[in-house]
Amino acid sequence: MTAPVEVRPITEPELPDWHRALATGFLRQPVLTTDQLDARRRQFVPGRLLGAFDGPRCVATFRSFAQELTAVGGATLPADAVSNVTVTPTHRRRGLLTRMMSQDLAAAKERGDVVATLIAAEYRIYGRYGFGPATTLTEWTVEVPRTGLDPRWARPEGGGRIDLADADDIRKLGPELHERVRRGTPGAVSRNELWWQTHTGAVRFDTDWTEPFYAVYRSAAGEVEGIASYESDDNWHDKQPHNTADVNWLLATTPAAERALWHYLCSIDWITRVKSGWRSPDDLLPHYLPDPRAARITAQADWLWVRILDVVRALEARTYDVAGSLVLEVVDRQGLAGGRFRLDASPEGASCAPTTATPELTLDIAELASVWLGDQSVARLHALGRVQEERVGAVREADALLRASGRPWCPDIF
């Protein structure tokens, strides 16, 4: 009889085999370099890296780590960030992901995490585990000659300035700036020290690292209010430059800093096209340009997925622009967070508690995640048959209550 596949936390000596399975699942070079193994060891937290083992060989991988997620209004909540999920092609359709996911989510709830998060490589996988798409990613490509900007770029208005920086500078300046940005951005997640080391080349998970350029915006008072990381290709035709600046990330605490950085990127000699990187759907970028049509959307898709583990804490943590009450029947097939809840909310605060009152709306835990950050509309989900209205008018009231003033944005992949 064939021994069953074992799902369990891995030990640190098993990292090379675990990484081989991870690379195989993502169709990457399965041989691990010394630098990559050293980088993986920095991610090792006992109990947070799971593997499925068929005999001695790892055939599925799963990693989670501690994270904070910003809710509507600026509160930060403990999150279980899920990453590095693979199943080797020879072992698909055996329930290995379900076993790993169930084990991890149960542990997250036990720890007191309010939500779990992930970036879904494939859309159809994670809904069955209670995750719902909660933010949207948009990328613009800016045709620089069409922007209407003065190609002879001058200093930013208002006395600010832009300076180029190196990786050491960014490791010092970036974390504090990011904290200010993410605490005011629903959908944003925390970045730990390893993130900054990895994205500035101090720690390398990939063998094809390219050192980017870094531009730092300082206000007239000398305060760092924005940073952009970008790269460029080298593309010439008929003695003419056709180079593209690819933005890895751009963060700013003020519109002035953001405008200045985009204008700077569109002024670099030989750059004829700027790719914005991962932005919010309602990003101001196009309207920083005299001709917004110079920025066209070249990618748009779901991005951060959220799985609510504690309905009460999640709904009480966010803010509400209007007053209202709702009784929600939340369906959770995993049995982690479902039930019937009464939400009483107003601009002054919110309370949520289990109730036996008659439900006014019925929705899956995944749909609750989609509307919780304000990216989705309750009315839209109702039209799609994914929210049931049990009391006439409840959809309209819920839509007004859960709507946010802006779209949530997660600028990170993990």
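The values are calculated or read from the model by the stated rules, or taken from the named source; none is laboratory data. Computed from a predicted model, the values in this text were never measured in an experiment. As a convention, Cβ positions derive from the backbone with ideal geometry for all residues, glycine included, and neighbour counts pool all protein chains shown. Just the protein is used for accessible areas: all its heavy atoms, side chains included, with ligands, DNA and RNA removed. Shrake-Rupley method; radii C 1.70, N 1.55, O 1.52, S 1.80 Å.
So what is the 222 nm mean residue ellipticity for the chain from helices alone, if each DSSP H run of at least 4 adds -39500 (n - 2.57) and you divide by all residues, rounding to the nearest 500 deg cm²/dmol?
Calculated mean residue ellipticity at 222 nm is -7000 deg cm²/dmol.
Which FRET efficiency value, to the nearest 0.05, is calculated for H287 and R171 with the Förster distance at 45 angstrom and r the Cβ-Cβ distance?
0.90
With only alpha-carbon atoms in the gyration tensor, what are the semi-axes of the equivalent ellipsoid for segment 52-193, in Å, largest first?
39, 20, 16
Accessible area per residue, 1.4 Å probe, Å², for segment 6-46: what's the number?
59 Å²
Counting only other residues whose beta carbon sits under 13 Å from that of V395, what net charge do I get with K and R as +1, D and E as -1?
Here the charged neighbours net out to -1.
What is the spin-label model distance, in nm, from E157 to N248 if the labels are put 7 Å beyond Cα along the C-beta direction?
Between E157 and N248, the label points sit 3.1 nm apart.
Under the 0.36 nm per residue contour assumption, what length would be gained going from the current alpha-carbon distance of A353 and E143 to full extension?
This chain segment gains 70.4 nm when fully extended.
Would you kindly find the accessible area of R183, with a 1.4 Å probe and non-protein molecules such as ligands, DNA and RNA excluded, rounding to the nearest 10 Å²?
Around 110 Å² of this residue is reachable by solvent.
May I ask you to compute the full-extension gain from R111 to E390, defined as 0.36 nm times their residue separation minus their alpha-carbon distance, rounded to one decimal in nm?
97.0 nm
If the cut-off is a Cα-Cα distance under 25 Å, which lysines reach K239, setting aside same-chain residues fewer than 8 apart in sequence?
Result set, ordered by chain and number: K275.
For segment 275-356, what is the accessible area per residue in Å², given a 1.4 Å probe and the full set of protein chains?
Accessible area per residue: 45 Å².
Using only alpha carbons, build the gyration tensor for segment 308-414 and give me the equivalent ellipsoid semi-axes, biggest first, whole Å.
Equivalent ellipsoid of segment 308-414: 19, 16, 15 Å, largest first.
Could you please state how large a percent of the accessible area of segment 353-414 is carbon and sulfur, counting protein chains only and using a 1.4 Å probe?
52 percent
Using alpha-carbon positions, what is the distance between the centroids of segment 319-344 and segment 241-295, in Å?
39 Å
Any idea of R342's accessible area? Nearest 10 Å², probe 1.4 Å.
100 Å²
Give me the net charge for the shell around P241: Cβ to Cβ below 11 angstrom, other residues only, Lys and Arg +1, Asp and Glu -1.
-2
Viscosity 0.890 mPa s, temperature 25 °C: Stokes-Einstein D of segment 92-142 from its Kirkwood Cα radius, in µm² per second?
188 µm²/s
Would the chain count as rounded, prolate or oblate if I go by the C-alpha gyration tensor, calling it rounded below 1.5 in a/c and otherwise prolate when a/b exceeds b/c, oblate otherwise?
Oblate shape, in that a/c is at least 1.5 and b/c is the bigger or equal ratio.
From Cα pairs below 8 angstrom and at least 6 apart in sequence, can you work out the relative contact order of segment 267-414, rounded to a whole percent?
23 percent
Report, to the nearest whole %, how much of the accessible area of segment 90-220 belongs to carbon and sulfur atoms, 1.4 Å probe, protein only.
Within segment 90-220, the accessible surface is 49 percent carbon and sulfur.
Principal axis extents for segment 48-112, Cα atoms only, whole Å, descending order, please.
Principal-axis extents of segment 48-112 (Cα, largest first): 47, 21, 17 Å.
Just to confirm a number: summing +1 for Lys and Arg and -1 for Asp and Glu over residues other than R279 whose beta-carbon lies under 11 angstrom from that of R279, what do you get?
Surrounding charge for R279 is -2.
Can you give the accessible area per residue of segment 137-228, in Å², using a 1.4 Å probe?
That works out to 51 Å² for each residue.
For the chain, what relative contact order do you get, as a whole percent, if you take Cα pairs closer than 8 Å and at least 6 residues apart?
So the answer I get is 18 percent.
Cα convex hull of segment 199-327: how many Å³ per residue?
Each residue corresponds to 227 Å³ of Cα convex hull volume.
Please state the shape class of segment 247-301: rounded when a/c is under 1.5, otherwise prolate if a/b exceeds b/c and oblate if not, all from the C-alpha gyration tensor.
Rounded is the answer for segment 247-301, as its axis ratio a/c remains below 1.5.
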